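What follows is a set of notes on a single structure, which appears directly below.
Bear in mind that the values in this text are calculations on the coordinates, not laboratory data. Values in this document were obtained by computation on a predicted structure and should not be read as measured data. With ideal geometry, Cβ positions are generated from the backbone for all residues, glycine too; neighbour counts draw on all protein chains shown.
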Amino acid sequence: MSAARSYYQEGGFETVIGLEVHCQLATASKLFCGCSAAFGAGANEHTCPVCLAMPGVLPVLNRCAVDYAIRAALATDSTINTNSRWARKNYFYPDLPKAYQITQYEQPYCEHGRVTFDLDGTEHTVRLTRIHMEEDAGKSVHDAHASWSLVDLNRAGVPLLEIVSEPELRSGAEASAYMRKMRSLVRYLGISDGNMNEGSMRCDANVSLRKRGATTLGTRAEIKNLNSFRSIERAIAYEIERQAEILLGGGAIVQETRLWDADRGVTRSMRSKEEAHDYRYFPEPDLLPLVIDDAWIERARSELPELPDARRGRFVTSYGLSGYDSGVLTASKELADWFEAAVAAHDNPKALANWITSEVLRIANESGAEGETDFSQLPFAPEHLAALVRLIDDGTISGKIAKTVFSKMVESGDDPAAIVAREGLVQVTDEGAITAIVDSVVAANTAKVAEYKSGKDKLFGFFVGQVMKESQGKANPASVNRLLKERLDG
Amino acid sequence: MSRLDELSIEEASRRLASREISSRELTEACLARIEVTEPKVGSFLEVTAQLARQQADDADRRLAATGTRTSDTTALTGIPIALKDIFLTKDVRTTCASRILENFIPTFDATVVARLRRAGAVLLGKLNMDEFAMGSSCENSAMQLTRNPWKLDRVPGGSSGGSATCVAAHQALGSFGTDTGGSIRLPAAFCGVAGIKPTYGRVSRYGVIAFASSLDQVGPMASTTRGAALLLQTVAGKDPLDSTSIDAPVPDYAGAIGTAPTVKGLRIGIPREYFVEGLDADVEAAVRAAIGKLQDLGATIVEVTLPHTEYAVATYYIVATAEASSNLGRYDGVRYGRRRGEEQGLRDMYGESREQGFGAEVKRRIMLGTYVLSAGYYDAYYSKAMRVRTLIRRDFEQAFERCDVIATPTAPATAFEIGSRTDDPLKMYLSDILTISVNLAGLPGMSIPCGLDSAGLPIGLQLIGKPLDELTLLRTAAAYEDSCHWHRVSAELKP
Ligand SMILES: [Zn+2]
């Protein structure tokens, strides 16, 4: 594949990617019945005649799911259609008990949105074709029994949003960054937990290549089963190479659905265009058309929380942070909330931002799952970090000692003041004590003192280091500087 | 009248309320009648005698408390009725006359059934029908043959065949059926009883096994219009479990009909498209005579036109089969149907289960419906049918600018011989030619007896009303009934 890769790297091909993101809405109940939509119950515990598709049952729309869907539409600048319709998507599978999925087809509830995301400091905007609501299917379990497949319908009927982008993404990294932004958005909106490892958020990618500069789209492959950021990047990278090799070998891409096999790191053909399902969509006669009027939209708008882009702007103006730091801090709602909790406890946003973007994020990334930043696993609270910065600001400890205290906070989860007291790390500000150390350092290094006095200014740092070492790092650095200067230059 | 099973619902209700008779006596009379007549007509798929006796005793206790503070009786308390086997009945087997549901015992009641139980009606059993309500003769039942009580070699009409025969044979005082393209009105006409298909959405479909969701509607049958009115007002009204049910107040139909209903000043529309070649001469004569009678009673007759009538059958068989092909997908062998256990994988299991579980007509309609929804055919068939459906609805809207009720024959001919149309689906489909448009337009329609043909078989007069105007239909029908004797002529159960 090296020839293909180099041709690709030389810019011969342009990659065209569109994502279909499926996002499970965090409503209490399912889309068309009263069953719990929560994850993790025993098999088939969250079921009723409706989601079991018993004969004669009928769906009743959960309006809370529509509230959530409207929030997503507003957050992506989408146009909300006053009238939209439900449709049936027909196919046979044991975990689809009605043999059709209720979805939106010809008239989705919203269209023409856009999402802006940041990748390596560059802002990208991707347009959204549409967002629609639909119900999830159940789960087939094939490996629990030797000769039977089992079906768990807890997930059947759970509300989903399908967010379809225009084919405007150009690399796996862009696709992944877009997906991160999407997850951040749904978490900000409080409409989904966005947990990819539980399947609350997953996506399919339509990938094609074309000669750079071409205006028509190449033949695409649809890659399914992308359930982590890493899968998105790896699967797209693999698919780009696979397609590039075929095209460079004079072949043609087959329009098909491919499955990402994360274990083997390849995409495999699932079904060709000819084998594609004919879903026989038609309007769902059991539900009235969905009418979302202005009053409903305005009510949803008034309930909208602050969104990431707005919050980023506020961090710049209210806290005086750089655009970059504000972007990092607002990338997830949890992080931004964490930061603001710390600021509330101690009003030094810049110092807190520095600590969080360097030290805290490192720790959170280490404790989270693959590609995830997990704040719930941090051993200390934002108030602890605020207390640490307060200790620096009021001169109790030096910045250097603070690093030591921080690592002890990570280990023990203890309050920084308690750590400082226990370890005797309080800064020495008693000038008499510091002068004594200065005197002893000068007395012990007469040769270096002579060199310094003859003009070797650089040695000043050496003396500072020696004094700090003698004080076990606890001497107030400003006092050390001043007293040393007086002693050596005087 | 001497026999209790021959009482009309309103008369039985009066006697129950006055304690002249008990529900237990009435129920025993029906059960005895079922015992004698069932071998001839075959209305019932299951007789729930034990449940009926228990409900009758409960009803008698409720009736005994009449006039006290705890009184909770209704006009239906203690009235024995029966249900098409399409209604889910908790703990009572519900098959839809299909092999694929032969062992299905529902865990809950349909909304209609729950409302009937609450009202104190007594459930005698479940009635035969065409499998999944697909048919016009009741011959598509996978379970048994049902015969027309008027002439046992004739079909009772379908799909709610058992619902009509049980009333005509006095096995029950009333019954419920469903009507997707004529399935209440056609058997009502063939068996000489009153049957009403209400406005789409007037009665909840929750717990009613779906055939074609945008057309299916529940309705009652009884020997008299007033009896049908009492049944309808008990079950009608908004149901939060059915999003398509209409949130409109339900009138006291029986009370509003009163003792002396009049048609004075009523404008009755006669659509010329419904009196065409192929219409049986006896049927035409009887229907025209009935219209003449209504005119004598003070109604004005106006000619109206429903120009898209000729497309109704084609439109219906696209819309109904499309919806059916989807509704019946759940019977896939995973939970319903028989499994031999030798199936080779999933596809084979689906194929085997559906091959064995469905009858020929059901398979024919699933294939037709699958075809019309398929990629490349959707626009030519389904989409076009939906547009024609709008035109048919508009035809009625325009006609109703000139009249209050439309009167037509219910069927082009009287009950045909068993087996005479089973090999010719298209001819069978044409039995519904005069009833189908009403479902496509979502309007209320009714059939009442208006005469007998030369062979002694009943003829039905169809009345069609404006949306949610069941009351005008019922009032017109009752005024007609009060002026004639046709509803009092009984079937003799002769070969
Ligand atoms: Zn449920």
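For the reader, a short list of remarks on this structure follows.
- Normalised by 2.2 N^0.38 Å, with N the number of residues, the alpha-carbon radius of gyration of the range A:11-155 equals 1.26.
- Relative to one another, the C-alpha centroids of the range B:304-344 and the range A:293-347 are positioned 53 Å apart.
- Once the Kirkwood radius over Cα pairs is known for the range A:379-421, the Stokes-Einstein relation at 20 °C and 1.002 mPa s delivers a diffusion coefficient of 217 µm²/s.
- For A:F282, nonlocal amide neighbours, meaning residues 5 or more places apart or on other chains whose placed amide H falls under 5 Å from its own, are A:R88.
- Pairwise alpha-carbon distances in the range A:398-464 exceed 18 Å for 56% of all pairs.
- Farthest toward positive dipole pole in the range A:2-300 [+1 Lys/Arg, -1 Asp/Glu at C-beta], among A:P283, A:A26, A:H142: A:H142
- Helical contribution to [θ] at 222 nm, DSSP H n ≥ 4, -39,500 (n - 2.57), averaged over the protein assembly as shown, rounded to 500: -12000 deg cm²/dmol
- Bins of 10 Å, starting at 0 and running to the largest distance - Cα pair percent for the range B:312-383: 20, 43, 26, 9, 1
- Normalised radius of gyration (Cα atoms, divided by 2.2 N^0.38 Å) for the range B:339-471: 1.43.
- Kirkwood-type radius of the range A:110-237, with distances r between different C-alpha atoms, in Å: 16.5 Å
- In order along the range B:104-115, the phi-based Karplus estimate (6.51 cos²θ - 1.76 cosθ + 1.60, θ = phi - 60°) of 3J(HN,Hα) comes to 7, 10, x, 9, 8, 8, 4, 3, 4, 5, 4, 5 Hz; Gly and Pro are listed as x.
- Residues with amide H under 5 Å from that of A:V151, placed H, sequence gap 5 or more: A:V141
- Dipole magnitude for chain B: computed about the Cα centre from +1 point charges on Lys and Arg Cβ and -1 point charges on Asp and Glu Cβ, it is near 740 debye.
- Dipole magnitude (debye, nearest 20) for the range B:1-119, charges at Cβ of Lys, Arg, Asp, Glu: 300 debye
- With θ taken as phi - 60° and the Karplus curve 6.51 cos²θ - 1.76 cosθ + 1.60 applied, the whole-hertz 3J(HN,Hα) list for the range B:26-39 is 4, 5, 5, 4, 5, 5, 5, 5, 4, 4, 6, 8, 4, x Hz, x standing for glycine and proline.
- Positive-end residue of B:G278, A:L388, B:A97, charge dipole of the protein assembly as shown with Cβ unit charges: B:G278
- Pairwise Cα inverse-distance average, inverted: Kirkwood Rh of the range A:286-421 (Å): 16.7 Å
- Note that the range B:212-222 has calculated 3J(HN,Hα) couplings of 10, 4, 7, 10, 4, 8, 7, x, x, 10, 7 Hz, one per residue in order, obtained from phi through the Karplus relation 6.51 cos²θ - 1.76 cosθ + 1.60 (θ = phi - 60°); glycine and proline are x.
- The mean count of C-beta atoms from other chains within 10 Å of the C-beta of residues in B:206-212, rounded to a whole number, is 4.
- Neighbours of B:G419, meaning other residues whose beta-carbon lies under 15 angstrom from its beta-carbon, give a summed charge of -2 when Lys and Arg score +1 and Asp and Glu score -1.
- Calculated diffusion of chain A, Stokes-Einstein form, Kirkwood radius summed over Cα pairs, 10 °C and 1.306 mPa s, µm²/s: 59 µm²/s
- Close amide H partners of B:V302, meaning residues 5 or more places away or on another chain with modelled amide H under 5 Å apart, are B:I268, B:G269, B:I270.
- Lysine-lysine proximity count for the range A:368-490, Cα under 28 Å, sequence distance 8 or more or distinct chains: 29
- Residue mean of other protein chain beta carbons inside 10 Å, B:349-357: 1
- Projected area, mean over directions - the protein assembly as shown, Cα convex hull, nm²: 55.0 nm²
- The range B:61-137 gives an Rg/Rh value of 1.10, both radii derived from C-alpha positions and Rh following Kirkwood.
- Alpha-carbon Debye profile of the range B:4-262, log10 I(q)/I(0) at 0.14, 0.17 Å⁻¹: -0.85, -1.30
- Under the Debye formula (equal points on every Cα, no solvent term), log10 I(q)/I(0) of the range A:431-489 at q = 0.22, 0.25 Å⁻¹: -0.78, -1.01
- Calculated translational diffusion coefficient of chain B (4 °C, 1.567 mPa s; Stokes-Einstein with Kirkwood radius over alpha-carbon pairs) equals 58 µm²/s.
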